[in-house]
1. Provide the per-residue ³J(HN,Hα) series for region 226-238, in order, calculated from phi with Karplus coefficients 6.51, -1.76, 1.60 and θ = phi - 60°, each as a whole number of Hz, with x at glycine and proline positions.
2. Where does helix 115-128 land angle-wise versus the long Cα axis of the chain, in degrees 0 to 90, nearest 10?
3. Please give the calculated 222 nm ellipticity per residue for the chain, where each DSSP H segment of at least 4 residues contributes -39500 (n - 2.57) and the sum is spread over every residue; nearest 500 deg cm²/dmol?
4. When ranked by the protection proxy of mean other Cβ atoms within 10 Å per residue, highest first, what sequence do the peptides 341-347, 261-267 form?
5. Is there a pair in LYS201/LYS347; LYS50/LYS125; LYS167/LYS271; LYS175/LYS234 whose C-alpha atoms are over 30 Å apart, and which pairs would that be?
6. Once you place label points 7 Å from the Cα toward the Cβ at ASP104 and ARG4, how far apart are they in nm?
7. Is the shape of region 52-105 best called rounded, prolate or oblate, per the rule: a/c under 1.5 gives rounded, else a/b larger than b/c gives prolate, else oblate, with a ≥ b ≥ c the square roots of the Cα gyration tensor eigenvalues?
8. Round to the nearest 10 and give me the degree value, 0 to 90, for the angle of helix 284-298's Cα axis relative to the longest principal axis of the chain.
Amino acid sequence: MNYREALAWLYSLQRFGIKLGLENIRRLLAELPVDLRGTRVIHVAGTNGKGSVCAMIDSICRAQGYRTALFISPHLVTFRERIRVNGEMIFEDAAANGLTLIRDLIADWDPHPTFFEVTTALALKYFAEAKLDIVILETGLGGRLDATNAVQSDVSAIAPIDFDHEKWLGDSLEKIATEKAGIIKSNIPVVCSSQQIEAEKVIRARAAECEAPLQFVTESYDCSPIALPGQHQKQNAAVAIAAIHAANIDIDDKAIARGLATVECPARFQKWDERTIIDGAHNPSAARVLAKTWREIFSDQRATLILAVLSDKNLRGICEELVLIASSVLLPKIRSERAAPPETLAKVLSSITPSLPHSIVPSLGGTLDLARAKQNPILITGSLHFAGEVLAHLHGEPAAFEECGQ
C-alpha cells in the first residue's frame with residue numbers, strides 16, 4: 001500500500017470503535033515483534049496537560065543530545081504528527097510499509113485490532129528500529145486498559161485529572177482516576193501533578209499497592225522562559241522535569257532552559273498572529289484554564305470567540321467558562337462528523353447568557369473573515385479536531401487535513 005491507501009485502510013478500522021483492553025496490543029507487539037529494551041520509557045496519562053508534558057520531556061531530552069521518540073494523540077493536521085523520532089514525523093513510506101506489514105499480520109484476527117491498537121503498534125515498531133535513548137508515550141484514553149500500557153515503562157507521569165470521556169472512564173473523579181492510575185506499575189516511580197483530593201486518594205492507594213515510589217509535584221518551574229504561555233504550563237514543566245529525573249536520565253539546567261524555550265505544542269494557546277489564538281480546550285476544566293490564561297495575556301480584553309465542540313463533550317460546561325471572556329461568538333459548521341451542530345451550541349449559549357451576540361456561519365473561511373472584521377482579539381477553540389482543521393486552513397492547505405474521529 002502507498003501512504004494514502006494505508007491511511008484509508010487504517011481509518012476504516014474506526015468502524016471497530018474503541019475497545020479498551022491489552023490482549024490485542026500484547027499479541028501485536030509479540031508477533032511483530034517489538035523490543036524496546038535498552039530504551040528509557042516515560043509513560044504519561046492525565047486529562048489535561050499530558051500532551052504539553054510529553055512535548056516538554058521530548059524537547060528537554062533532545063536539547064541534552066538524547067535521541068528521542070514521541071507518541072501522541074490525536075493529531076491536528078496530519079496523522080504523521082502522532083509518531084516522531086528526534087522531532088521528525090514518521091515518513092510517509094515508513095508509515096505505509098509499517099501499516100502494510102500490520103494489515104497482513106492481522107488479516108484474520110478475531111477480535112480485529114482497533115484503529116488505536118494498530119497506530120500504537122505502528123509507532124512502537126518504528127521506534128524499536130530507530131536506535132533510541134528515550135521513548136515518551138502519551139495515553140490515548142484512560143490508562144489502565146489503554147494500548148500504550150502494554151509497554152514496560154521506567155516512570156509513570158500523571159497530569160491533572162478531571163472530567164472527560166465519562167462514557168469510557170466513569171462518571172466520577174474517583175472512577176476516572178482509577179483508569180488513569182492504571183499506568184502505575186510495580187516498583188516503577190510515579191511523578192504526579194497536584195490533583196483534586198478524590199484523584200489524589202486513588203493515586204496514593206494504587207502507588208502503595210504497587211510499591212511504586214510516588215512524588216507529587218506541587219511547585220511551578222520559574223527558572224527560565226517557557227515557549228507555551230500560561231501559569232499552568234509552569235506546573236506542567238515542573239512535572240516534565242521531575243519525570244526525566246525519576247527515569248534516571250541525566251539533564252543539566254542549560255538543556256532544561258533550551259528545551260522549554262523551544263518546545264512546540266500546537267493548539268495550546270498557540271499565537272497564530274498578533275490577535276489570533278488557537279487552543280484545543282475540549283472539556284470544562286481545560287476551558288477554565290484557557291479563560292485564566294486569556295486574562296493573563298489579554299487582561300480584561302474580550303475575545304471574538306470562534307467555537308466548535310464535539311457532540312459527546314460537556315457543551316454547557318465548556319460554554320459557561322468561555323462566555324466569561326467573550327464579546328461575541330461565531331459558530332462555524334466544521335468538517336468533523338462528531339461536531340455538535342452549531343444550532344445546538346447556539347441554544348446552549350442563549351440559555352447561559354441571552355445577551356451575548358452569537359451567529360452561525362456556514363463556512364470556516366467566512367467565520368475567520370467575520371472575526372477579522374471586528375476589533376477584538378480572536379480565540380479559536382473547543383476541540384483539537386477543530387484546531388487541526390483551522391490550522392490546515394490558515395496554512396492554505398485545507399486538503400492536508402487528515403480528518404480522523406479518534
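A short reminder: the numbers here are calculations on the coordinates, not readings from a lab. Fair warning: this is a prediction, and the values are worked out from it, not measured in the lab. Neighbour counts run over all protein chains shown; Cβ positions are idealised from the backbone, glycine included.
1. Taking θ as phi minus 60°, the curve returns 10, 5, 9, x, x, 4, 4, 6, 5, 6, 4, 4, 4 Hz for region 226-238.
2. Its long axis makes an angle of about 50 degrees.
3. Details: 15 runs with 167 residues, N = 406.
It comes out at -12500 deg cm²/dmol, rounded to the nearest 500.
4. Working: 341-347: 15.7, 261-267: 17.6.
Descending packing order for the listed peptides: 261-267, 341-347.
5. Details: LYS201/LYS347 38 Å; LYS50/LYS125 23 Å; LYS167/LYS271 33 Å; LYS175/LYS234 28 Å.
Table pairs above 30 Å Cα-Cα are LYS201/LYS347; LYS167/LYS271.
6. Going from the ASP104 label point to the ARG4 one covers 2.3 nm.
7. Values: a/c = 2.69, a/b = 1.88, b/c = 1.43.
Prolate shape, in that a/c is at least 1.5 and a/b is the bigger ratio.
8. Tilt relative to the chain: about 60 degrees.
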